[in-house]
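The values are calculated or read from the model by the stated rules, or taken from the named source; none is laboratory data. Note that the structure is predicted; figures quoted are calculated from it, not measured. Here the Cβ positions follow ideal geometry from the backbone for every residue, glycine too, while neighbour counts run over all protein chains shown. Note: accessible area is taken over every heavy atom of the protein model, side chains too, but ligands, DNA and RNA are not part of it. Shrake-Rupley method; radii C 1.70, N 1.55, O 1.52, S 1.80 Å.
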Amino acid sequence: MKLINIGFGNMVSSSRIVAVVSPDSAPIKRMVQEAKTDGSLIDATYGRRCKAVIITDSDHIVLSAVSPETIGNRTEEGEE
């Protein structure tokens, strides 16, 4: 199991990640709001601005203050 650092010492299993997207679009904002009401939202931003939304295969939504590009690069580094 490979863990990806998503900022501030928080890790997510790379095998569980389905997508890493920007939080700017309306459908993603709706998805985050629904996850908040369902109790499946994990906020790992530590009060900072959300730059990435990580969608997992267990239907959990993880918010991160690290950009999607950075998370993608960290994922690719582990594949080498």
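When residues in the stretch 22-55 are screened for being under 20 Å from residue 77 (Cβ atoms) and in a strand (DSSP E or B), 3 of them pass.
Restricting the stretch 60-80 to residues that are in a loop (DSSP other than H, G, I, E, B) and touching a residue at least 24 places away in the same chain (Cβ under 8 Å), which is farthest from residue 14 (Cα to Cα)?
Of the stretch 60-80, the ones in a loop (DSSP other than H, G, I, E, B) are 60, 65-67, 78-80.
Going one step further and asking which of them are touching a residue at least 24 places away in the same chain (Cβ under 8 Å), we end up with 60, 65-66, 78.
Working: 60: 14, 65: 17, 66: 15, 78: 9 Å.
Step by step, filter the stretch 60-80, then rank; the result is 65.
Given the criteria under 12 Å from residue 62 (Cβ atoms), surrounded by 11 or more Cβ atoms within 10 Å (Cβ to Cβ), in contact with a strand residue (DSSP E or B) (Cβ under 7 Å, 6 or more places away or on another chain) and not charged (D, E, K, R), does residue 28 qualify? When the stated conditions are applied, residue 28 does not pass them.
Rundown of residues vs (1) touching a strand residue (DSSP E or B) at 6+ places or on another chain (Cβ under 9 Å); (2) of a type outside the set (A, V, I, L, M, F, W, C); (3) open to solvent by 40 Å² or more (accessible area, probe 1.4 Å), yes/no style:
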| position | (1), (2), (3) |
| --- | --- |
| 15 | no, yes, yes |
| 18 | yes, no, yes |
| 22 | yes, yes, yes |
| 44 | yes, no, no |
| 61 | yes, no, no |
| 68 | yes, yes, no |
| 74 | yes, yes, yes |
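Could you list all residues from the stretch 19-38 that are farther than 15 Å from residue 49 by Cβ and not hydroxyl-bearing (Ser, Thr, Tyr)? Residues satisfying the conditions are 19, 20, 21, 26, 27, 30, 31, 33, 34, 35, 36, 38.
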